[in-house]
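Bear in mind these aren't lab numbers, they're just calculated from the coordinates by the rules spelled out. Owing to the predicted nature of the structure, the values given are computational and were not obtained by experimental measurement. Methodologically, a virtual Cβ is constructed for each residue, glycine included, from the backbone with ideal geometry; neighbour enumeration extends over all protein chains shown.
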Amino acid sequence: MTKSETVEQAYKVAKERYAELGVDTDAALKELKKVKLSVHCWQGDDIHGFLFPNQELTGGIGVSGNYPGIARTPDELSGDLSEALSLIPGQHKVQLHAIYAVTDKKKDLTDLEPEDFSYWVDWAKKEKVGLDMNGTFFSHPMVKDNFTLASPDKDVRDFWIEHGKRSRTIANYFGKELGQQSVNNFWIPDGFKDNPIDKADPRLRLIDSLDEIIKKPYDEKNTIEAFEGKLFGTGIESYTVGSHLFYNNYAISRNKLWTIDAGHWHPTEDVSDKFSAFLPFGKGLMLHVSRPVRWDSDHVVIFDEALVRIARSLVRDNELSKTNIGLDFFDATINRVAAWVIGARATQKALLQAMLEPIEQLKKAELNFDFTTRLAETEELKSYPFGAVWDEFCLQNDVPVGTDWLNNIHQYEKDVQFKRSNLINA
């Protein structure tokens, strides 16, 4: 019996088991295929980019490890992304940062034009993926004393305001060229290491700066802005200007998206509980799915309880249509392409498992205060043959089943990645 025949046989059994609970596995697979993840480019090159590849990382960002095969050029990074996307079922998007502009001219962040991203648009058309955008508000000499848009120095603010405006122009270009909305995410590292006297004025300056950036209207068919709060550590331990609550309120008041980064909350907080509290008031969400370890870190996403809770909240409360799901982690201790695949497939598995619940039946039991049925069924579902349904999803989307994708990675290492030097500009 071939592997595909084994998968089909196992799926047939799983389909029957789930049908006993009233769950249509075929419908779940169709729903999962509609979900586009936004895969972050910066996992592939440790956030070096192409504008200033030798610039030291700042803003509390650091990447651990030196696994061989780092991407150093646009062709290497796009090639690595193509390899990863070929191993992730479904059709997705890719997130870029401003520092990934591809130009033969020396440019600063305030000089960027849409033409500097034509390389990525051409590649995206070939791969049939969308592009999301991030302004790069870190690792630059104009980050003064840990401040950008909230700086007391007008020249500093003006520099970053101009960069923000240009990032919006580029995101609009992505949307027009690719025919799908480009989410333009804003995160800034502004804050104080020790206790500030004045917590209000930096936030008032940030509001003014952001309002200036978004003043020009763009068709939301092409692009929309998202604003990302942080509970951040290194350098701004005592005060973050753009806190979670700040951007929650800013997004609601400006009719924009709020970005929730799962890797930057207190360890005891349940990130998934934020969705249903925000979405009745807010336009929508951008998620940066990451994995914190003890706090303030971006480990590769795995199929853990935190991710399961995120997926359950989105699916059970019917919030997927208002939520953009992006990945955000960087690990240079393992193969960088494998990290993309592991994180993306884990996220899809969590969503699928949530889709394989008899949600309306469970909601009805809960509404009738039948907590016995609610607990019994959710516990039994944990041992249902969800893996067989996932294997069928991979088979239907022509990607390797199980750990077979790792064979592709090992071959790609041998043929491509291990032939590179680890020097960024080699």
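Tabulated data for the structure shown
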{"quantity": "Gain in span if fully extended, K382 to L21, counting 0.36 nm per residue against the direct Cα distance", "calculated": "128.6 nm"}
{"quantity": "Global form of segment 160-316, assessed from the alpha-carbon gyration tensor, a/c cut-off 1.5", "calculated": "oblate"}
{"quantity": "Overall form of segment 249-361 per C-alpha gyration tensor (a/c, 1.5; a/b vs b/c)", "calculated": "oblate"}
{"quantity": "Inter-part distance where segment 4-27 and segment 109-179 are each reduced to a Cα centre, Å", "calculated": "45"}
{"quantity": "Tilt relative to the chain, helix 405-415 - C-alpha long axis, 0 to 90 degrees, to 10", "calculated": "40"}
{"quantity": "Choice from V293, V399, V308 with maximal GNM fluctuation in the chain (Cα, 10 Å cutoff)", "calculated": "V293"}
{"quantity": "Simple spin-label estimate for E360 and E31 in nanometres, 7 Å along Cα-Cβ", "calculated": "1.1"}
{"quantity": "Whether segment 192-242 is rounded, prolate or oblate, judged on the alpha carbon gyration tensor where a/c under 1.5 counts as rounded", "calculated": "oblate"}
{"quantity": "D211 paired with T372, simple spin-label distance in nm, labels 7 Å along Cα-to-beta-carbon", "calculated": "5.9"}
{"quantity": "Counting DSSP beta bridges with both ends in the chain, the antiparallel % (nearest 5)", "calculated": "10"}
{"quantity": "T169/D194 FRET efficiency (R0 25 Å; Cβ-Cβ; nearest 0.05)", "calculated": "0.10"}
{"quantity": "Using alpha-carbon coordinates, inclination of helix 336-355 to the longest axis of the chain, degrees", "calculated": "50"}
{"quantity": "Nearest 10 degrees, 0 to 90: helix 305-316 Cα axis against the chain principal axis", "calculated": "80"}
{"quantity": "Protection proxy ranking, peptides 250-258, 95-103, average beta carbon neighbours within 10 Å, highest first", "calculated": "95-103, 250-258"}
{"quantity": "Inter-centroid distance (Cα atoms) of segment 68-94 relative to segment 349-394, Å", "calculated": "33"}
{"quantity": "The chain: projected area of the alpha-carbon convex hull, averaged over directions, in nm²", "calculated": "21.3"}
{"quantity": "Loop trypsin sites (Lys or Arg not before Pro), segment 123-187 (other Cβ atoms within 10 Å of the site Cβ: 12 or fewer; DSSP)", "calculated": "K128"}
{"quantity": "Assigned charges on the beta-carbon of Lys, Arg, Asp, Glu; segment 35-346 dipole about Cα centre (debye)", "calculated": "820"}
{"quantity": "Residues listed by number, segment 159-194, amide nitrogen under 16 Å from E115 label point at 7 Å toward C-beta", "calculated": "170, 173"}
{"quantity": "For the chain, calculated [θ]222 nm from helices alone, where every DSSP H run of n ≥ 4 adds -39500 (n - 2.57)", "calculated": "-13500 deg cm²/dmol"}
